1. Can you sort Lys260, Lys145 by how many other beta carbons sit within 10 Å, fewest first?
2. Take peptides 187-194, 136-143 and line them up by average Cβ neighbours within 10 Å, highest first, as a rough protection proxy.
3. log₁₀ I(q)/I(0) of the stretch 57-309 at q = 0.08, 0.10, 0.11, 0.12 Å⁻¹, via Debye over equal Cα point scatterers, no solvent, to two decimals?
4. Counting Lys +1, Arg +1, Asp -1, Glu -1, what net charge surrounds Ser154 among other residues with beta carbon under 12 Å of its beta carbon?
5. Restricting to the stretch 57-309, what percent of DSSP beta bridges are antiparallel, rounded to 5?
6. Extension gain Ala58-Gln238, at 0.36 nm per residue separation less the Cα-Cα distance, in nm?
7. Provide the packing ranking of 89-96, 152-159, i.e. peptides ordered by the mean count of other C-beta atoms within 10 Å per residue, highest first.
8. Would you mind ranking Asp216, Asp171 so that the residue whose beta carbon has the fewest other beta carbons within 10 Å leads the list?
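No lab work stands behind these numbers, since they all come straight from the coordinates. Since the structure is predicted, the reported quantities are computational estimates derived from the model, not experimental observations. Please note: Cβ atoms are built from the backbone with ideal geometry, for glycine as well, and neighbour counts cover all protein chains shown.
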Amino acid sequence: MPTLTRRNRRISLRSGLLIAVIIAVAAGVISNRPDHAEHTGRGQHAPVQRRTRFSPVAVDPALFARTACMAYPPTRGDRHLTVFLDAGHGGLDPGSVGQTRSGRTVYEADETLPVELDAMAMLRTEGFRVVVSRTTDSSVARLTKADVNDTLLSAQGVHDDVAARAICANDAGANALIGIYFDAGAPQNAGSVTGYDAARPFAAANLRLASLVQRDVLTTLNARGWNIPSEGVQLDTQLGSAINTAAVSYGHLLLLGPAKRGYFTTPSRMPGALIEPLFITDPFEATIANSSAGQHAIASGIAEAVEQFFPVRRPARAGHGHDAAHGHG
């Protein structure tokens, strides 16, 4: 049985299965609902494009899908730091599915991508090199026959595609990792949660990064009057569910967790956090997730958290050597 959360309703972050969610939208008008144009459904719109000053570079064209694991240089200044951003799901893995308040069906994979690309553009202007897991609606790994089951990813495919994201972050030499996903559950479930892994040598840095991401994303969302509840910062062992017995035994989110012999040999090697800022199965929050205003707010919070996570190096003082803020531990 999957390892579930406190309400036993959270949908797996690692599941490649398309979950049909039937949402009954309550009658009446709720104040502060986002009145922004919604995106069209999966497969009905072109991938989000961002104009960049410099062309991206594939980290390893032989290892990853054609438009996956791309590195973007900073556009202003250079802090000599690399941030890895993962737009959850993609390709044959649409992630969770929900409906907006107008009844439009939305897929998690379609909503995580523009957030990732928007945050990438912001961080580049602050001097960061940014590596993104994907730039289009695609997998990250180069899939094999074993990875595909009809029109969806197999259990092996789900494992391989998430593992590829950790490998991408490692190969890119990332200094921090942030996964961008959306939550799912019963229609009445709502709120933002950020996960971190405590079973790593850099667990304290994981917790600090997750705390910043949770706080700053909620701040930017609720500055617009949306009043998104906070589910706080939680251990990754309390998030997601597993798709087979091996994943149950592992017990962590693959993107953040440690190595385990015979199951996972390429864990991420840098501080990381994974945020689910909204429930895509709540019509109100799905509408925010599907709006450009909501996506921009989430991206802004992520970019702010990254800037706060890294120390700001100040100019040396005469006779006092270098004066720099403490690192991330």
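1. Working: Lys260 15, Lys145 8.
Ordered by Cβ neighbours within 10 Å, fewest first: Lys145, Lys260.
2. Working: 187-194: 20.2, 136-143: 21.8.
Ranking the peptides 187-194, 136-143 by packing returns 136-143, 187-194.
3. Each listed q maps to, in turn, -0.27, -0.43, -0.52, -0.63.
4. Residues near Ser154 contribute -4 overall.
5. Working: 17 of 35 bridges.
The antiparallel proportion sits near 50 percent.
6. Values: separation 180, 0.36 × 180 = 64.80 nm, distance 3.39 nm.
So the extension gain works out to 61.4 nm.
7. Numbers: 89-96: 25.9, 152-159: 21.2.
Put in order of decreasing packing, that is 89-96, 152-159.
8. Working: Asp216 22, Asp171 17.
By the 10 Å Cβ count, ascending: Asp171, Asp216.
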